Amino acid sequence: MAKLTINGKVVDVSNGMTVLQACQTVGVEIPHFCYHERLSIAGNCRMCLVEIEKMPKPVASCAQPVMDGMVVHTDNDKVRKARQGVMEFLLINHPLDCPICDQGGECDLQDQAMAYGYDRSRYEENKRGVADKHMGPLVKTIMTRCIHCTRCIRFATEVAGVEELGAVGRGEDMEITTYLERSLTSELSGNVIDLCPVGALTSKPYAFMARSWELGKTESIDAMDALGANIRVDARGNEVMRILPRLNDDINEEWISDKSRFVYDGLKRQRLDQPYVRRNGKLEPAAWSEAFAAIAERVKSLRGEELAAIAGDLADCESMALLKDLMASLGCRNLDCRQDGAKLDPTQRASWLFNSMIAGIEQADALVLIGTNPRLESPVLNARIRKRWLAGKFPIGVIGERADLTYSYTYLGAGPETLRDLVGGQGAFAEILKKAQRPMLILGQGALARKDGAAVLAAARRLAESSGMIKDEWNGFNVLHTAAARVGGMEVGFVPGQQGRDLEGILAGAESGAIKLVYLLGADEIDMRRLGRAFVVYQGHHGDAGANRADVILPGAAYTEKTATYVNTEGRAQRTKLAVFPPGDAREDWTIVRALSEVLGKTLPYDTQAGVRTCLTAKSPVFSAIDRIVPAQWGPFGADGPMDAAPFKSPITNFYMTDPISRCSNIMAQCTTMRRELAAATGEARTGTGS
């Protein structure tokens, strides 16, 4: 501990802290632009100047380590004059763009100019102009506003791991630019918008759309992947205008992926805003009563074993729980929430969870990736892996596709044969795992969504057990999901009952005619051709594949339009909040299932959302521990059997279009086109190589 005096107050702080961090711990505000707690120290804006006794001039507090006996002054005449001088220099070339700048109202430069700046300028020469740079369809540049804080450069290099931004020139001629004058290719590029303290980097889709004070702000949860990133939904009226990250160190820190940030325009395109019933081969608008009557007419003539239900990737836990109870009341045991066909073991929670927890990645000292490309499947989680890799002494092995993951790794092999050898202790990496104190593996859906997925799951379990990953204080077995609904579906038990059919059994039954009615709860990723002549009920919010095949459409609400529960890949239950209302006659999904149950004569005993959540709590303790982790007991899972020699492949080939919302997004379509054009122009494949 170091003892120092800050503005006359004696404080004890940890050795290794900077003066700025020490001041923050005692509540003393230090203005700054270039400093960011998650980035390396640059010390180039000089706004954080403080006076330290026995030092000849003010020093940059962000780059000055604390020393025992220091006496620091942060608000005397000398410091105030120094800050005014720095602010005057920063504003020399900064244009008077505030009335037309998208950063207006939430700009660090505005705030600090008011609080610490001088009330006049002595600069009479012409201002410098800088040409705007092309950074792709997401980030808009007005580089004349840039104050050279280099936050964007450090983020791209350190966090995103894509070294595409840098500075050219020196002094007044310095410019921030992309090295090859092309679009940013990181899946996290939108975070530079939040990091930019001025209006140099802003959101291109949001340009000139709204002012911050016009927007209603709702704290919610992202559903574009299984990470469960904490977000803030900003809306004006009944339209989502933008999505921003919220701070949560246990999950997403303060980053979100580009898909999470920019997918919002897909929420207003191709929406289902009223029920439809297919008549004479054509879907026609109908009233709710007509749609329910059409379903009831078909259900009353069928036995339970002729019914089936499949939950999609964006379904919330409340609707899955009620639909499960409704199908059970009809005698149906043919249920599945694994629309990708993943062979997860419903009897063991540990078999489908990220048991180490996302923050636990930083405690691990060795990692094996099996059948997963985390850069595409969960970019923010991939950034956490990179963060641990940068800290050093973190060997990473990959079994599956070669890809540019933004960090170095040892490529072990392509498929199950390599996994089998690793389980048997063969190879140098097997020794690395055994010597590690906290080894971990991440098993992806590319390894589980195969016919031999259960055998792969069992092999991964044996690897975890033989490599010392399972200990009293550590569980290194982790499953990385790609769908926001998957873990929640497993927790509520939306899986086949005794002698019930799973996804493959349902599709095979529909083909053969044994299954005569299939209820799709937002399920769009299955092969619709295999539904045969079955009567299809589709409940969802977009006119995607499921709606095109449906005989009855029940319009539901998207994740920004309902208060609902989702469980992320680590088993953490979180809740979205209603930011805008569903369009037209669309309703929250659990209310649709509840109303349908009454028409079918199987009325469910849940009239309020509180009652539905009581139902959830009865199904799993996870739902009574919101925002907390309920550890899973370790036990046997998977199935012994032969594994196919086919290599593991990530289920995601186009990061920007993975669900009905993103497929309807014009912004995501632009990103997809950009990637294809870039690949064609450079001759590069989407995958890279490991080391």
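Here are some notes:
- The fraction of accessible area contributed by carbon and sulfur in the stretch 424-539 is 45 percent, rounded to a whole number (1.4 Å probe; ligands and nucleic acids excluded).
- Straight Cα distances below 26 angstrom link Lys434 to the lysines Lys387, Lys393, Lys471, with same-chain residues fewer than 8 positions distant left out.
- Pairwise centroid distance, computed over Cα atoms, of the stretch 10-85 with the stretch 282-329, Å: 62 Å
- Helix content alone sets the calculated 222 nm mean residue ellipticity of the chain: runs of n ≥ 4 DSSP H residues at -39500 (n - 2.57) each, divided across all residues, give -7500 deg cm²/dmol.
- Selection from Gly638, Asn248, Ile399 lying farthest towards where the dipole of the chain points positive, charges on Cβ: Gly638
- Estimated FRET transfer efficiency when R0 is 41 angstrom, pair Val630-Lys602 (beta carbons, to 0.05): 0.85
- Among Val26, Asn478, Ser40 - extreme Cα towards positive end, dipole of the chain, charges at beta-carbon: Asn478
- Lys, Arg +1 and Asp, Glu -1 on Cβ, resulting dipole of the stretch 569-691 about Cα centre, debye, nearest 20: 200 debye
- The modelled label-to-label distance between Arg269 and Ala293, using points 7 Å beyond Cα along the C-beta direction, is 3.7 nm.
- Mean-position separation - Cα centroids, the stretch 341-369 and the stretch 431-489, in angstrom: 5 Å
- Entries in Lys300/Lys602; Lys204/Lys268; Lys516/Lys619; Lys324/Lys649; Lys204/Lys259 that, when Cα-Cα distance is taken, lie over 20 Å: Lys516/Lys619; Lys324/Lys649
- Modelled FRET efficiency - R0 51 Å, Arg279 with Thr673, Cβ distances, 0.05 increments: 0.85
- Fraction of antiparallel bridges per DSSP, the chain only, in percent to nearest 5: 55 percent
- Ordering 293-301, 432-440, 248-256, 307-315 by mean Cβ neighbour count within 10 Å, with the highest value first, yields 307-315, 248-256, 432-440, 293-301.
- Two-site FRET efficiency, Glu214 against Asp132, from Cβ-Cβ distance with R₀ of 25 Å, rounded to 0.05: 0.45
- For the stretch 275-368, with all protein chains in place and a probe radius of 1.4 Å, 50% of the accessible heavy-atom surface sits on carbon or sulfur.
- The GluC sites (Glu not before Pro) of the stretch 101-201 meeting both criteria, a DSSP state outside H, G, I, E and B (loop) and at most 16 other C-beta atoms within 10 angstrom of the site's C-beta, are Glu106, Glu124, Glu125, Glu163, Glu181.
- Put a dot 7 Å past the Cα of Asn548, heading toward its Cβ, do the same for Asp173, and the two dots end up 5.6 nm apart.
- Burial order of peptide ranges 568-580, 337-349, 266-278 (average beta-carbon count within 10 Å, highest first): 568-580, 337-349, 266-278
- Extension gain for the segment Glu158 to Ala328, taken as residue separation times 0.36 nm less the Cα-Cα distance, is 56.1 nm to one decimal.
- Whichever aspartates and glutamates have a C-alpha closer than 12 Å to that of Lys282, once near sequence neighbours (fewer than 8 apart) are set aside: Asp551
- Put simply, the chain fits an ellipsoid with semi-axes of 48, 31, 23 Å; these come from the alpha carbon gyration tensor as the roots of five times its eigenvalues, largest first.
- 4 °C / 1.567 mPa s Stokes-Einstein diffusion coefficient of the stretch 76-149, Kirkwood radius on C-alpha pairs, µm²/s: 94 µm²/s
- Highest-first arrangement of 197-209, 482-494, 223-235, where packing means the average Cβ count within 10 Å: 482-494, 223-235, 197-209
- Full extension of the segment from Asp527 to Gln437, taken as 0.36 nm per residue of separation minus the current Cα-Cα distance, would add 28.0 nm.
- The modelled label-to-label distance between Lys300 and Ala391, using points 7 Å beyond Cα along the C-beta direction, is 6.3 nm.
The values are calculated or read from the model by the stated rules, or taken from the named source; none is laboratory data. Just so it is clear, the model here is predicted, and its values are computed rather than measured. Glycine gets a Cβ as well: all are built from the backbone with ideal geometry, and neighbour counts include every protein chain shown. For the accessible areas, the whole protein counts, side chains as well, though only heavy atoms, and no ligand, DNA or RNA atoms are used. Shrake-Rupley method; radii C 1.70, N 1.55, O 1.52, S 1.80 Å.
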